[in-house]
Amino acid sequence: MASAATTVPENVLKKRRRNDAIKKRADSFKTKEAGRKKERRERAFRNAESYVKEYRQRERMLIRCRRQARAAGNYFVEPQANLILVVRIRGIMGVSPKVRKVLQLLRLRQIHNATFVKVNKATLQMLQWVIPYVAFGYPNQKTVRELIYKRGFGKVNKQRIPLTDNSIIEKSLAKASKGRIICIEDLIHEIFTVGPNFKEANNFLWPFKLSSPNGGFSKKLLHYNEGGEAGNREDKINALIHRMI
């Protein structure tokens, strides 16, 4: 006599179908996410290559213009800088309320903090108020790159988050920049060239916390032109930053 067919309860069948549907959706999401990650990596790599080519072309053009001017017996006027790097070199002792407020607006709340500032009339007037307390100048691409790679932290939900993954930058800046900034190389390029999304990129970066410079400061109370440390040192700021990173 044949045994009766084994019946599976309805709730077990529903559970199996539900689990199969969940697994199918999860597999589909993983496949799409892997494709998106691959596309973002390829795009970041292409952007990095284009930025390196742009930096090299700019440097070669400047070298060619300097040589042509020297050969003709003329002087070559360097292009005006659009980016300033400001470092606070003195503490809070004897700081007037006006100077303290300007330092807060520059996001220099602690000694050895550093921030990027866009060159315009307002920022130059602000720097005039705080010259005895800061050192500033015009950073090159190498300095901007090393600062962001070695001392870069992002502001995510008002928290200081290390830039360990491009996804942190993409989640914070992709929408505000309309897809222009999705990786750390895009962020470096936007800061160095003072692009259209410089404000969003600069506000995303937490003020850099640097160390005391190797060899120490000479005379912080004097201006750089007088043999001290304070004030505008133009492209000499790069040597100071490399001692403080």
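The values are calculated or read from the model by the stated rules, or taken from the named source; none is laboratory data. All figures in this text were calculated on a predicted structure; none of them were measured in a lab. Because the Cβ atoms are built from the backbone with ideal geometry, glycine has one as well, and the counts that use them run over all protein chains shown. These accessible areas exclude ligands, DNA and RNA; they are computed on the full protein's heavy atoms, side chains included. Shrake-Rupley method; radii C 1.70, N 1.55, O 1.52, S 1.80 Å.
Matching residues to (1) in a loop (DSSP other than H, G, I, E, B); (2) of a type in the set (Lys, Arg); (3) out of contact with any Asp or Glu (no Cβ under 6 Å at 6 or more places or on another chain):
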| position | (1), (2), (3) |
| --- | --- |
| Ser167 | no, no, yes |
| Arg180 | yes, yes, yes |
| Asp186 | no, no, yes |
| Gly195 | yes, no, yes |
| Glu200 | no, no, yes |
| Phe217 | yes, no, no |
Go through Arg46, Arg100, Arg56 for me and flag whichever is of a type outside the set (A, V, I, L, M, F, W, C), without any contact (Cβ under 8 Å) to a residue 24 or more places away in the chain, closer than 23 Å to Asn238 by Cβ and part of a helix (DSSP H, G or I). Arg56
Asn197 touching a Ser or Thr at 6+ places or on another chain (Cβ under 6 Å) and either free of Cβ contacts under 8 Å to residues at least 24 places away in the same chain or within 26 Å of Leu124 (Cβ to Cβ) (or both): yes
Take the conditions within 16 Å of Ala135 (Cα to Cα) and open to solvent by 50 Å² or more (accessible area, probe 1.4 Å) and apply them to Ile84. Does it pass? no
Determine whether Asp27 is open to solvent by 90 Å² or more (accessible area, probe 1.4 Å) and either assigned to a helix (DSSP H, G or I) or touching a residue at least 24 places away in the same chain (Cβ under 8 Å) (or both). no
Select, from Arg16, Arg36, the only residue that is of a type in the set (Lys, Arg), over 30 Å from Ile131 (Cα atoms), open to solvent by 90 Å² or more (accessible area, probe 1.4 Å) and at pLDDT below 80. Arg36
Does Thr115 satisfy the condition of being under 17 Å from Asn238 (Cα atoms), touching a helix residue (DSSP H, G or I) at 6+ places or on another chain (Cβ under 7 Å) and surrounded by 11 or more Cβ atoms within 10 Å (Cβ to Cβ)? no
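Scanning region 66-78 for residues that are of a type outside the set (Gly, Ala, Ser) and loosely packed, with under 10 Cβ neighbours inside 10 Å, which turns out nearest to Thr123 (Cα to Cα)?
So the residue we want is Val77.
Looking at Val95, is it over 22 Å from the mean Cα position of the chain (by Cα) and either over 30 Å from Glu229 (Cα atoms) or assigned to a helix (DSSP H, G or I) (or both)? Show your work before the answer.
Working: over 22 Å from the mean Cα position of the chain (by Cα): yes; either over 30 Å from Glu229 (Cα atoms) or assigned to a helix (DSSP H, G or I) (or both): no.
For Val95, the condition - over 22 Å from the mean Cα position of the chain (by Cα) and either over 30 Å from Glu229 (Cα atoms) or assigned to a helix (DSSP H, G or I) (or both) - is not met.
Does Leu127 meet the test of being within 27 Å of Ser218 (Cβ to Cβ), open to solvent by less than 50 Å² (accessible area, probe 1.4 Å) and without any contact (Cβ under 8 Å) to a residue 40 or more places away in the chain?
Numbers: within 27 Å of Ser218 (Cβ to Cβ): yes; open to solvent by less than 50 Å² (accessible area, probe 1.4 Å): yes; without any contact (Cβ under 8 Å) to a residue 40 or more places away in the chain: no.
So Leu127 does not fit the description; no.
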